[in-house]
Structure formats: C-alpha cells, structure tokens
Ligand SMILES: [Zn+2]
Ligand SMILES: [Zn+2]
C-alpha cells in the first residue's frame, strides 16, 4: 500500500470541488425521480450511460444480479408500470429492453494495471413514503421534491448514487495516479435488504481485496464529517406468511371451516412471545396483516408481513427458528396450510479496524475529518454485510463509512434530506481511501 502523496491529495480535492455543481444536479435529479427496489429503471439507465461516457466497462441487465437470488420482487403489473413511467421520464429505450423485469443495478469496472482490486457499493433505491412538501423543507424550497406519489428517497440513496458517479468520474480522471482494478457496484433493492446477496452470488466481489461503502447518517458536523467504520448492524430476515384455510358459513356450518384468520392471529401473538436471548439483543415485528372476506364467512386466507432481527447472525438464526416453529404450530391448531416466503435478508457486519485507520488517514489528507472513535454503532440493518463478509472470508478487508449530515428528519422519515455539502466530502473520502490502497503509477 502506498500512502497518498500531497500532490495526489491536492488533485483529488481540486477535481472533486470542480464537480460540486454537477453532483448537486445529479442528486436533485435522482431525488425528484425516486424508484422502488428492482424498479430503478430511469436511475439505472442514467447510471449506465454516465459510466460508459467515463470509460468504464459496465455490466448490467442479467449480468448485474444473479437472477434467482433476487428477493422481494414486485408483481408483474407494478413492474410494467415502472418501465412505462421510466420510458416517459427519459430512460434510454434500448437499455430498458435489457433491464426490464427487475434487472436493475450495474457494475462498473476499470482495469488499470497491476495492483489490488478495490470494490465499492452504492445503493440506488427509494422508499414507499409520501415526501413532505411544505415550505421550509429544502427539496420543496428548491423545487426538486419527489415527482412520484408515495415514493421518496428517504434513506439518502439519491446522494449515494451521486457519490458513486462522482467517485467514478474522479477515479477515471486520476487514472495515472493509481494502479489496480476498480469495481463499482450500484446495488438495487437495498431497502428490505433484498439486493446485495444477488450481487454477491453473481460473483462480483469474489476477487475484491478492499471493499468500501458509505451511508449518509444524521449527525451534526460539529467535530467530524464522517465515521470511517461501523458495526453492530442487526442481522435480519423478512418474511411474508400466507395461511390457507377453508371457507364455510359462519353460522350454518362453522365446524366445516378452517379459520386462517385465527391461525394468523395466534401466530402473531406468539411471535411476540418468543423468549429473549441472553446472548444479545433480538427483535420481532409483524407490521401488516390481512385476512378473510366478510363477517359471515370463516376466513379462508390470511397474510402477514414480518421480520426478525438479531445482534449477530446466530441470534437472528435463533429468532428465525423460533418464528418458524410458532407459525407451523399455529397453522396446525386450525388445520390450515401455510407458506413462508423469504422477502429479504442481511447478516451482521463489522468494519476492519486497521482499514478504518487507513481510511481516516487518507481522508484527512483531503480535509475530511474522521469521527473519534472511528467506529459508530448502527441499529438498522444493511445487506452490504453480505459483500463485506464475502471479502472478509476471502482474506480481504471491508468497511462501511457513515457520512454525517444534519437533517431535520431522521432516516426513513418524510423530512429526511441531506446537506448537499456531504456530496463532495463523501467523494473525497472514498477516492482518497481507494487511491491510498493502491500503488502509484
Ligand atoms: Zn433505508
Ligand atoms: Zn439506506
């Protein structure tokens, strides 16, 4: 590994500052046209074309994610509507043909001589929320509020895509300053932790030596701009559960029915009664339930949406095991059939301490201040953990940076909006961290 020369650090700073206006343009555009997971069509089309212009080899369509490892896909009708909307909103029609059917996301590769393989992950999807639009809210005041009803970049992935394109551009412009291979993964469907595993299964990070990703993180700028690493993200599994019973007249022949509604309710109440674990924190949540047709018919069907979490992958597995026993037993009590559909999954993650130090040192040379301590605890879940684990299992190192941003609303709230100064800070910190890991030319 080479330390970053003062000369290269200065170039990174200048090139990134020169891009500041472009970064803001990109961010506002992505913010105005948010797209939900596996339907990021306009977004992916822009990403691919920008990367090609910068000189990258770009993998997309069925090469981006392993087809049968994608979790939580939308239904066919939603998908078709999303493709049609993207077309109307300026997506490249030729690219759309290749990415429709939920083949969103892209991998940009720049082979630039001998040296390590540096991987990066930027997530690109939005959330099903109706954005706040009153004055005093930055995107509303500046006129780039979401144009899509009930869809919003409330997790800051608009700024992540932007940083990803910014990093790609600066790394390409500084090609004569580093030697190695750069692989930038633009990941679909991070929300609901559905997409990362399918990129890992496609083999994109198998040869990666150093893996980096970032997430914007609500925090004041007072003493630091970012945390070089994080951990404590909860492992999690998301399920949809369908109970199937038998309809019967609720008064005339209730004994002939099999009550799916009662089976589901029994399961839900007992899911919350799973014993806590002495090994660390766990969670269970059922956030949605639907059952039956009307009051005088024994409910034939029930559907609920649930998740479990655990501080470690093992604790999450404990929760999964107990949850499945309860669902199975509740179904049996009412002689119902059931199916459990896995909708998303993430494992726990931890940044490598020595890599965090190297990131802190590199970013410091481009004027981006690291938090003390370097490691900040996450209480959410993040499927980037699958990429980290693959790289770490292969002997490489990985980290998830948290880029601080003041915000009135927290992540996943309708008033979440990043401070736009994070765009250049993020690009500088990541480019410096990457270049510092590679031999100079
Ligand atoms: Zn999120
Ligand atoms: Zn996020």
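The values are calculated or read from the model by the stated rules, or taken from the named source; none is laboratory data. In this text the structure is predicted, and so the values were computed from the model without any measurement. Cβ atoms come from the backbone with ideal geometry, glycine included; neighbour counts cover every protein chain shown.
Structure notes:
- The residue of segment 146-163 that is farthest from residue 185 (Cα to Cα), among those that are within 15 Å of ligand 1 (Cβ to nearest atom) and assigned to a loop (DSSP other than H, G, I, E, B), is 151.
- When residues of segment 174-192 are limited to those that are at pLDDT 95 or above and within 16 Å of ligand 2 (Cβ to nearest atom), the one surrounded by the fewest Cβ atoms within 10 Å (Cβ to Cβ): 191
- Residue 212 vs. criteria at pLDDT 95 or above, touching a helix residue (DSSP H, G or I) at 6+ places or on another chain (Cβ under 8 Å) and either within 25 Å of residue 17 (Cα to Cα) or within 16 Å of ligand 1 (Cβ to nearest atom) (or both): yes
- In segment 1-17, the residues that are in a helix (DSSP H, G or I) and closer than 13 Å to residue 431 by Cβ: 8, 9, 10, 11, 12, 13, 14, 15, 16, 17
- Any hit, segment 86-103, residues being in contact (Cβ under 8 Å) with a residue 60 or more places away in the chain, closer than 22 Å to residue 22 by Cα and under 20 Å from the mean Cα position of the chain (by Cα): no
- Yes/no for residue 323 being closer than 22 Å to residue 248 by Cα and touching a strand residue (DSSP E or B) at 6+ places or on another chain (Cβ under 6 Å): no
- Residue within segment 251-267 that is within 22 Å of residue 192 (Cα to Cα), assigned to a loop (DSSP other than H, G, I, E, B) and free of Cβ contacts under 8 Å to residues at least 24 places away in the same chain present: no
- Where residue 94 falls short, out of the listed (1) within 16 Å of ligand 1 (Cβ to nearest atom); (2) within 19 Å of residue 39 (Cβ to Cβ): (1)
- Selected residue [within 15 Å of residue 56 (Cα to Cα), touching a helix residue (DSSP H, G or I) at 6+ places or on another chain (Cβ under 6 Å) and crowded, with 18+ Cβ neighbours inside 10 Å] from 108, 196: 108
- Residue within segment 275-295 that is surrounded by 20 or more Cβ atoms within 10 Å (Cβ to Cβ), modelled with pLDDT of 95 or more and farther than 20 Å from residue 379 by Cβ present: no
- Only one of 167, 117 that is more than 16 Å from ligand 1 (Cβ to nearest atom), buried (at least 24 other Cβ atoms within 10 Å of the Cβ) and in contact (Cβ under 8 Å) with a residue 40 or more places away in the chain: 167
- Applying the criterion of at least 1 residues that are more than 23 Å from residue 116 (Cβ to Cβ) to the helices (runs of 4 or more DSSP H) found wholly in segment 323-436 leaves 421-436.
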